[in-house]
Amino acid sequence: MIVGRISKFLKEASLVDQPFVKNPEQTVAQFAKAGGATVKSFVRLEVGEGIEVAVVDFAAEVAAQVAAAKA
């Protein structure tokens, strides 16, 4: 039973064993092979990853606006 669960996890986590998006009956490896291609590497992207938010000191920003309004 444990071997089955581990196999299922690896099948879902591995790119080439995952079902192809447009044809779930076919794996990514089968699709690539049918097109004469191989998967050499891939990059995993996560939603929101790589988005950097600028850290702003709100109090300093307000103080600068007040000082600019007085001038």
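Determine Rg/Rh for segment 1-45; Rg is computed over alpha-carbon atoms and Rh is the Kirkwood hydrodynamic estimate from the same atoms.
Values: Rg = 11.9 Å, Rh = 11.5 Å.
With Rg and the Kirkwood Rh in hand, the quotient comes to 1.03.
GNM on the chain, alpha-carbon springs under 10 angstrom: the most fluctuating residue among A29, A54, A37 is A54.
Counting only alpha carbon atoms, the long axis of helix 2-13 and the longest principal axis of the chain meet at about 60°.
Could you tell me what percent of the accessible area of the chain is made up of carbon and sulfur, with a 1.4 Å probe and every protein chain present? Mind showing how you got there, number by number?
Working: 4250 of 6800 Å².
Reported share for carbon and sulfur atoms: 63 percent.
Any idea how far the Cα center of segment 12-33 sits from the one of segment 36-57, in Å? The distance from the Cα centre of segment 12-33 to that of segment 36-57 comes to 21 Å. The string of couplings for segment 63-71 from the Karplus curve (6.51, -1.76, 1.60, θ = phi - 60°) is 4, 5, 5, 5, 5, 5, 6, 6, 7 Hz, one whole number per residue in order, with x for Gly and Pro. For K22, the lysines whose Cα comes closer than 29 Å to its Cα, not counting residues fewer than 8 places off in the same chain, are K8, K11, K33, K40.
Scalar couplings 3J(HN,Hα) for segment 38-46, obtained by applying the Karplus form with A = 6.51, B = -1.76, C = 1.60 to θ = phi - 60°, are 10, 8, 8, 7, 8, 10, 8, 10, 10 Hz; x denotes Gly and Pro.
Accessible surface calculations at 1.4 Å, restricted to protein heavy atoms, place the chain at 96 Å² per residue.
Before anything else, pin down the relative contact order of the chain: Cα pairs under 8 Å, at least 6 apart, normalised by residue count, whole percent. Walk me through the intermediate numbers first.
Numbers: 25 pairs, mean separation 9.5, N = 71.
Averaging sequence separation for qualifying contacts and normalising by length gives 13 percent for the chain.
Once backbone amide H atoms are built at 1.01 Å from N, T27 has F20 as its partners under 5 Å, excluding neighbours fewer than 5 places away on the same chain.
Phi-derived couplings, Karplus 6.51 cos²θ - 1.76 cosθ + 1.60 at θ = phi - 60°, listed residue by residue for segment 21-37: 4, 7, 9, x, 6, 10, 7, 4, 5, 5, 5, 5, 5, 5, x, x, 10 Hz, with x used for Gly and Pro.
Please identify the GluC sites (Glu not before Pro) of the chain that satisfy two criteria: DSSP loop assignment and at most 12 other Cβ atoms within 10 Å. Which are they? Present the calculation step by step, with values, prior to reporting the outcome.
Details: sites: E12, E25, E46, E49, E52, E61; in loops: E25, E46, E49, E52.
The qualifying sites are E25, E46, E49, E52.
The values are calculated or read from the model by the stated rules, or taken from the named source; none is laboratory data. Note that the structure is predicted; figures quoted are calculated from it, not measured. When we count neighbours, we look across all protein chains shown, and the Cβ atoms used for this are built from the backbone with ideal geometry, even at glycine. SASA here: full protein model, heavy atoms, side chains in, ligands and nucleic acids out. Shrake-Rupley method; radii C 1.70, N 1.55, O 1.52, S 1.80 Å.
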